[in-house]
Amino acid sequence: MPAARTVLITGAATGIGAATARRLSAQGERLVLAGRREQPLADLAAEIGSDDVLVKTCDVADLEQVEALAAAAIERFGGIDVVFANAGFGAARGFLEETPEHWRAMVLTNVLGVAFTIRATLPHMLERGTGHYLVTSSIAGRRVLPGSLYSATKFAVVALGETLRQELRQTHGNTRIRVTIVNPGMTDTPFFDQPPEMKALEAEDVARAVLFAVQQPPHVDVNEILIRPTAQT
């Protein structure tokens, strides 16, 4: 059986992050669960019931907090093998909707939060020479939605994932750190105020896709996954 890896997950308290944490723990991986609210993270850790789980509150839009998260993970487990930059939230469509403050927080979390997560962990990954980054974008990052600033942030996440991959290969000469962009379609998670009308994906469906990418042999780099419910046009 392969040695256990340490997986850092942002946005881990609910939805795709929590489902991925459960599945990875069942595979024997060590977990670093990060999110803004401590109690849901603590509840998830208690549900998982493993000693190999570290919980830490973190706002990914604050670089110092993300750096502290990375340092805590390294101190507890000796290193980080997989980084899943999953934190994000949405907004109502329409450029006359939502408040500028909500827009600002969303852009900072969805875009800068991913960049900060990479920045805080990349020196460690480069020192180790191996590892895996996964970033959560969306089907909205592959096709524009009318009046959706959220869609624009997810297009940016796709670009962040690919530009990281190219920096690793071309700037650092590294061919062992993998990068995967995960693009879920409609998924029934707390992301939505109301349940989707169609038969949507479950968070567990996306978690299985994440696990597929993580469990590939070291020479296989699954660069992008787009997963939709069959009912989605």
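Data for the structure
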{"quantity": "Proximal charge balance of K154 [Cβ under 15 Å; K/R count +1, D/E count -1]", "calculated": "+2"}
{"quantity": "Length added when fully stretched, Q232-A92, from 0.36 nm per residue minus Cα-Cα", "calculated": "48.4 nm"}
{"quantity": "Exposure proxy order (Cβ contacts within 10 Å, fewest to most) of H172, H132, H124, H219", "calculated": "H219, H172, H124, H132"}
{"quantity": "Three-way shape call for the range 6-227 based on the alpha-carbon gyration tensor, with the a/c threshold at 1.5", "calculated": "rounded"}
{"quantity": "Net charge of neighbours whose Cβ lies under 12 Å from the Cβ of R36, counting Lys and Arg as +1 and Asp and Glu as -1", "calculated": "-1"}
{"quantity": "Choice from T171, T57, T187 with maximal GNM fluctuation in the chain (Cα, 10 Å cutoff)", "calculated": "T171"}
{"quantity": "Residue order, fewest to most beta carbons within 10 Å, for F116, F212, F95, F155", "calculated": "F95, F212, F155, F116"}
{"quantity": "Listed residue (P100, A115, T175) projecting farthest to the positive dipole end of the chain, Cβ model", "calculated": "T175"}
{"quantity": "For the range 6-227, size of Cβ-based charge dipole, Lys and Arg +1, Asp and Glu -1, in debye", "calculated": "600"}
{"quantity": "Taking the range 86-147 and dividing mean pair separation by its residue count, relative contact order in percent (alpha carbons under 8 Å, at least six apart)", "calculated": "46"}
{"quantity": "Cβ-based net charge around I177, under 13 Å, with every Lys or Arg adding one and every Asp or Glu removing one", "calculated": "+1"}
{"quantity": "In the range 1-110, GluC sites (Glu not before Pro) in a DSSP loop with at most 13 other beta-carbon atoms within 10 Å", "calculated": "E97"}
{"quantity": "Dipole of the range 1-103, positive end: most advanced residue of I16, L54, A71 [Cβ charges, Cα centre]", "calculated": "I16"}
{"quantity": "Amide H partners (placed H, <5 Å) of I227, local residues excluded", "calculated": "N183, G185"}
{"quantity": "Ascending count of other beta-carbon atoms within 10 Å, so fewest first, for R104, R119", "calculated": "R104, R119"}
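Read-outs: derived from the displayed coordinates by stated rules, not from any lab. Remember, it's a predicted structure, so these values are computed and weren't measured experimentally. Backbone-built Cβ (ideal geometry, glycine too); neighbour counts: all protein chains shown.
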